[in-house]
Each structure stands twice: as structure tokens, then as C-alpha cells.
1. Using alpha carbons only, how many angstrom separate the centre of segment 55-72 from the centre of segment 21-40?
2. Note down the net charge around Ile34, summing +1 for each Lys or Arg and -1 for each Asp or Glu among other residues with Cβ under 15 Å from its Cβ.
3. For the chain, with only Lys/Arg (+1) and Asp/Glu (-1) charged at the beta-carbon, what is the dipole magnitude about the Cα centre, in debye rounded to 20?
4. Take Met72, Met1 and sort them by solvent-accessible surface of the protein heavy atoms, 1.4 Å probe, largest at the top.
5. With a 1.4 Å probe and all protein chains left in place, how much accessible area per residue does the chain have, in Å²?
6. Let me make sure I get this right: for segment 22-66, a, b and c are the square roots of the gyration tensor eigenvalues over alpha carbons, sorted descending. Under 1.5 in a/c it's rounded, otherwise prolate if a/b > b/c, else oblate. Which is it?
7. Based solely on its DSSP helices, what 222 nm [θ] is calculated for the chain when runs of n ≥ 4 H residues each add -39,500 (n - 2.57) and the sum is averaged over all residues, nearest 500 deg cm²/dmol?
8. Expressed as a whole percentage, what fraction of the accessible surface of the chain belongs to carbon and sulfur atoms when a 1.4 Å probe is rolled over the protein heavy atoms?
Amino acid sequence: MIRIACPFCGLRDETEFAYRGDATVSRPPADAPIEDFHDYVYRRANPRGWHVEWWQHAGGCRQFLKVVRHTMTHAVHSVGLASSTQVVPPE
């Protein structure tokens, strides 16, 4: 089981959280071509290693968090607020 250290509630099980997606993808500007929106919605990388993700503490404080998690081992490196910049460790 993954244990996530919520900055507001402390260390909690992953069952209290909802995965919300890749935190490294940026939405294209409103005047971008339709192909850019298609790629934003449907084309996603399947990274291997450390990755920054959105998680919501749905069973607790309801805050959105950025979590640096290893996609193969599920080890959590760091957890920060949605406005924070998370550093990805080298492999």
C-alpha cells in the first residue's frame, strides 16, 4: 500500500486519496490548434521511474497535492502543495 504524507493531515493510506493524473502536462492556450487539444486529452506518456502526479486527499482535507512517485516501485519521494514545484530525483 502507498503511504502519502499529506502536509495538512500527516501520513495516510492511499485509500484516502484519489489519483488525478499527470502533473507535468500543461493545458494548451485557448487559441491553440485543435490538434494540440487532441494531444492534451488523448496522448499521454507512460513514464517509467520518478514522476510528478496530482493526488487529491478525498477522504481527508480535500486538498490537491503534487506527489513525486516511482511508477515501478510506488515509492513516494516527496509530497507538496498544488502550487509547489516538486523536484524529481535522478534514477
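1. 22 Å
2. With Lys, Arg at +1 and Asp, Glu at -1, the neighbours total -2.
3. Computed about the Cα centre, the dipole is about 280 debye.
4. The residues order as Met1, Met72, largest area first.
5. Roughly 66 Å² per residue, with all protein chains present.
6. Oblate is the answer for segment 22-66, as a/c is 1.5 or above yet b/c matches or exceeds a/b.
7. Value at 222 nm, helices only, nearest 500: -3000 deg cm²/dmol.
8. Reported share for carbon and sulfur atoms: 52 percent.
The values are calculated or read from the model by the stated rules, or taken from the named source; none is laboratory data. Worth saying up front: this structure is predicted, and the values here are computed from it rather than measured. Every residue, glycine among them, receives a Cβ derived from its backbone with ideal geometry; neighbour counts consider all protein chains shown. To get the accessible areas, we keep the full protein, side chains included, count just its heavy atoms, and leave off ligands, DNA and RNA. Shrake-Rupley method; radii C 1.70, N 1.55, O 1.52, S 1.80 Å.
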